[in-house]
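Below you'll find the structure, written out as structure tokens, and then a few comments.
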Amino acid sequence: MSQPLDQYGVIGHPVTHSWSPFIHAMFARQTGQELAYRLYDAAPEQFEQRVHDFAAQGGRGLNVTLPHKPAAASLASQLTPRAERAGAVNTLTFNEGRIFGDNTDGVGLVRDLCTNLGLRLAARRILIVGAGGATRGVIEPLLMLRPAELAIAGRSADRPVALAAAFTELGQVHGCALEDLSPDAFDLVINATSASLHGEVPAIPVAAIGASSTCYDMAYAKTDTPFVRWARERGCALAVQGWGMLVEQAAESFQVWRGMRPKTAPVIALLSQAPAG
């Protein structure tokens, strides 16, 4: 009798839009691994119980998406240093009754920006819009690139200022309200809010975008996101959405779970060519 497949999945709310099962199926085929990867929708009040149920049934690992990343950090028995610093977890591993938490978002973003897009961010000015769990996971890896400035901005200053304060020893990072940003254009503007998922664009001052700016939306869709359209209309040098980050962070999770890193370029190419709908 054949052995049951190792069970993995992604848990979030909502989660039906996720491409993670497709991505991990491609990784498994590419590396010769046999596993199952499914979607698990759980409202916030259900999250902890659903995770424990998954583990009790022999599940090996879960990716965690909105809005559960901070809760996943609290749930884990042990955190990697990058997850502890972020205070947010997107990768859970279950082993002998323990829950291990990691955060692969930051390395996924940096690999997409620097390897796939070829950006050089040392001594550049970076703006992250939004101060939630998505931002927490990428601050440290971005600061490791030694930018001249990393600004975190939101609708009000409270959360960006508090978030930046947790990372000031690592580099030039500060928080503010969007309306208080300096009038100079940034080299890289990252939308880490969920606005695109609701058909909206954050209230980013037009002066933050210049002719040499790269604009990056962590959200993704089969057509241009509202932020990507908005940035292009304002004449930025490059506007892209987060397909590459999605695949790169998934590859890092796959390596955490299976001990091997799949090739990402073929999967990114497939996703970018897939039809809408």
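The values are calculated or read from the model by the stated rules, or taken from the named source; none is laboratory data. This structure is a prediction, so every number in the text was calculated from the model and none was measured. Because the Cβ atoms are built from the backbone with ideal geometry, glycine has one as well, and the counts that use them run over all protein chains shown. All accessible areas refer to the heavy atoms of the entire protein, side chains included, with ligands and DNA or RNA removed. Shrake-Rupley method; radii C 1.70, N 1.55, O 1.52, S 1.80 Å.
Observations
- Residue satisfying all of: in the range 240-277; small (Gly, Ala, Ser) and in a helix (DSSP H, G or I); surrounded by the most Cβ atoms within 10 Å (Cβ to Cβ) among these: 253
- Of note, residue 237 does not satisfy the criterion of being open to solvent by 50 Å² or more (accessible area, probe 1.4 Å) and in contact with a Leu (Cβ under 7 Å, 6 or more places away or on another chain).
- Residue check, residue 96 modelled with pLDDT under 95, more than 18 Å from residue 267 (Cβ to Cβ) and more than 15 Å from the chain's Cα centre (by Cα): yes
- Identity of the residue in the range 73-113, assigned to a helix (DSSP H, G or I) and hydrophobic (A, V, I, L, M, F, W, C), that ends up farthest from residue 8 (Cα to Cα): 113
- Flag for residue 165 being farther than 28 Å from residue 83 by Cβ, surrounded by fewer than 20 Cβ atoms within 10 Å (Cβ to Cβ) and of a type in the set (A, V, I, L, M): no
- Subset of the range 186-201 that is open to solvent by 20 Å² or more (accessible area, probe 1.4 Å) and without any contact (Cβ under 8 Å) to a residue 60 or more places away in the chain - its residue that is nearest to residue 236 (Cα to Cα): 201
- Residues of the range 138-155 that turn out to be open to solvent by 30 Å² or more (accessible area, probe 1.4 Å) and either within 25 Å of residue 64 (Cβ to Cβ) or touching a helix residue (DSSP H, G or I) at 6+ places or on another chain (Cβ under 9 Å) (or both), as a count: 5
- One residue stands out among those in the range 1-44 that are over 26 Å from residue 71 (Cβ atoms) and small (Gly, Ala, Ser): the one that is modelled with the lowest pLDDT, which is 2.
- When residues of the range 99-131 are limited to those that are in contact with a helix residue (DSSP H, G or I) (Cβ under 9 Å, 6 or more places away or on another chain), among the charged types (D, E, K, R) and farther than 20 Å from residue 268 by Cβ, the one most open to solvent (accessible area, probe 1.4 Å): 120
- Checked against (1) open to solvent by less than 40 Å² (accessible area, probe 1.4 Å); (2) at pLDDT 95 or above; (3) outside any loop (DSSP other than H, G, I, E, B), residue 135 passes all but condition (2).
- Index of the failed condition, residue 33 passing every other in (1) in contact with a Phe, Trp or Tyr (Cβ under 8 Å, 6 or more places away or on another chain); (2) closer than 18 Å to residue 245 by Cβ; (3) open to solvent by 40 Å² or more (accessible area, probe 1.4 Å): (2)
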